[in-house]
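Some notes on the structure that comes next.
The values are calculated or read from the model by the stated rules, or taken from the named source; none is laboratory data. Model, not experiment: these values are computed from the prediction. Glycine also receives a Cβ, built like all others from the backbone with ideal geometry; neighbour counts cover every protein chain displayed. Please note that ligands, DNA and RNA were not included when accessible areas were found on the heavy atoms of the full protein model with its side chains. Shrake-Rupley method; radii C 1.70, N 1.55, O 1.52, S 1.80 Å.
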Amino acid sequence: MKKNTKKPLRVAELFAGVGGFRIGLEGYNKKNKDYTTVWNNQWEPATKKQHASETYILRFGAEGHSNIDIAKVPVSEIPHHDLLVGGFPCQDYSVARNLGSADGIVGKKGVLWWEIHRILKEKAKNAPSYLMLENVDRLLKSPASQRGRDFAIIVSSLNDLGYIVEWRVVNAADYGMPQRRKRTFIMGYKKGTSIYKKIIKLKQPFDWLKNKGVTSTAFPIILSEETPESFKITGDLLEISETFNKAHPTDNIFKNCGISINRNVLTLEVKPDYQGKRTMLGDILVDEREVPAEFFVEKKDFKKWKYLKGAKNEERSGKGGFKFFYTEGAMTFPDALDKPSRTIITAEGGITPSRFKHVIKTPSGKLRRLTPIELERLCMFPENHTAGQPDTKRAFFMGNALVVGVIEKLGRSLSKHNV
Ligand SMILES: C[S@@+](CC[C@H](N)C(=O)[O-])C[C@H]1O[C@@H](n2cnc3c(N)ncnc32)[C@H](O)[C@@H]1O
């Protein structure tokens, strides 16, 4: 057998949560030698107690862990790394003119995208070779009043920093994973790296998107269109912020697959091509006898659950007493066991009835919520990875986390292409 002599890519994990990127890239117990996490940052602004950081340290150790607001971390304290990863929130990325800043342009305070940008910019020639970022699928269409503006700012600022940007919206369940979770994955390849050179050499960069690239190797596709749309993003970040897609603000400019090289964008809609094994919600359930009593729906709460899950078409009163009609469709109740689960949200935990929490019917005909281990399985985390924290926090972590299998596939593909 050929020995793997490649040095591992050193990873910095931002917005680390409980380490979904790390597990996906390194494998649990560091099985995958292609990656090694050298630094990570996780700080929860909403609470004093740092639950996710505690779990991260418990599982991976305190070495290289930082638990302060990323905006307060001097870039000089972040060690050299080859791959920067992180799931950053979807916020308002618009910029404004500010004569006090070095390039005369500033983003809104507290917008975490600009922290990623700051790290890359200040690292300059030592900036990481590769980027692997995650965000909600809505990122491509935001804000609703000027669709695509935020993504145009991200793509062009990364291009300006010397990265080719490739993106794909992936629903984990489309590739056999147990949860329907649709996220935008953004890959960056810095000028001078082997992948950058490979892409530049291609006669048709479209081939990279179709079948040669990192995302299409990890997640094979069927093309919905034979020719991608192409356009150039022009102007400085302020112009993009103020004018991008202003003429047709409700058109979706960025499709679910694309690449941008020097601000030349190719983008198209693609469909998943997958014939492998599929895991359903019913496949990940624990034995009913192991489930603690508080997870079962109490008789007294049944009506409330049924109401919240049901269709509504009713008059309601708003602020100041004005009346309006509220309508919404019914949720499948209980959740289907022969399908992948719905997306786990951060409010999945706790006994209070809710429209969005999963409720399943057990073999003995009882209704119950999902346990922390089941939520971990739906995100493909190792069992009891989050043990030691209250159940509602464990559910919160999984609502924030990614489906580890997606990162594992992207990681394997990136490593294969990095030669
Ligand atoms: C979408 S979650 C990412 C979860 C992670 N990928 C995982 O697998 O668990 C974003 C994380 O960023 C953290 N965060 C939010 N604001 C932050 C800040 N200013 N500095 C550092 N971390 C922050 C949140 O606490 C949350 O854990």
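A few points about this structure:
- Theoretical gain in end-to-end length, A124 to K6 [0.36 nm per residue, Cα-Cα removed]: 40.0 nm
- Rh (Kirkwood; distinct C-alpha pairs) - the range 281-400, Å: 15.5
- Using the Cβ-Cβ distance between V286 and E63 with R0 set to 30 Å, the FRET efficiency from 1/(1 + (r/R0)^6) comes to roughly 0.35.
- Length released on extending from T346 to E225, taking residue separation times 0.36 nm less the Cα-Cα span: 40.0 nm
- Magnitude of the charge dipole for the range 103-192, about its Cα centre and with charges confined to Cβ atoms of Lys, Arg (+1) and Asp, Glu (-1), is about 140 debye.
- Sparse packing (at most 14 other Cβ atoms within 10 Å of the Cβ) combined with a DSSP loop state is found for the following trypsin sites (Lys or Arg not before Pro) in the range 27-116: K31, K33, K48, K49, K108, K109.
- Fraction of accessible area attributable to carbon and sulfur, the chain (%, probe 1.4 Å): 53
- Put a plus charge on the Cβ of each Lys and Arg, a minus charge on the Cβ of each Asp and Glu, and nothing anywhere else: the dipole of the range 281-400 about its Cα centre is then about 700 debye.
- Residues of the chain: accessible area per residue with a 1.4 Å probe, Å²: 48
- GluC sites (Glu not before Pro) within the range 31-85: DSSP coil, no more than 10 neighbouring Cβ in 10 Å: E63
- Treating r as the C-beta distance of K277 and V419 and R0 as 35 Å, the FRET efficiency rounds to 0.75.
- Most fluctuating residue given options L237, L375, L99, as computed from a GNM of the chain linking Cα atoms under 10 Å: L99
- Among the trypsin sites (Lys or Arg not before Pro) within the range 252-320, those in coil by DSSP and having at most 14 neighbouring Cβ atoms inside 10 Å are K277.
- Contact order normalised by residue count of the range 281-400, Cα under 8 Å, 6+ apart, percent: 29
- Computed [θ] at 222 nm, helices only, for the chain once each DSSP H run of length n ≥ 4 contributes -39500 (n - 2.57): -6500 deg cm²/dmol
- Distance from the range 1-48 to the range 374-389 (C-alpha centre basis), Å: 17
- Net dipole in debye of the chain [+1 Lys, Arg Cβ; -1 Asp, Glu Cβ; about Cα centre; nearest 20]: 440
- Relative packing of peptides 165-173, 128-136 - highest average C-beta neighbours within 10 Å first: 165-173, 128-136
- Length gained when the stretch K319-Y28 is fully extended (0.36 nm per residue, less Cα-Cα span): 99.7 nm
- The range 209-259-the range 72-137 distance, computed between alpha-carbon centres (Å): 21
- With all pairs of separate Cα atoms included, the chain yields a Kirkwood hydrodynamic radius of 23.0 Å.
- Set of the range 135-172 residues, backbone N closer than 17 Å to the point 7 Å along the Cα-Cβ line of N262: 156-166
- For a straight C-alpha distance cut-off of 17 angstrom, the lysines reachable from K123 (same-chain residues fewer than eight places away being disregarded) are K72, K190, K191.
- Each Cα pair under 8 Å and six or more residues apart adds its separation to the average, and for the chain the resulting relative contact order is 16 percent.
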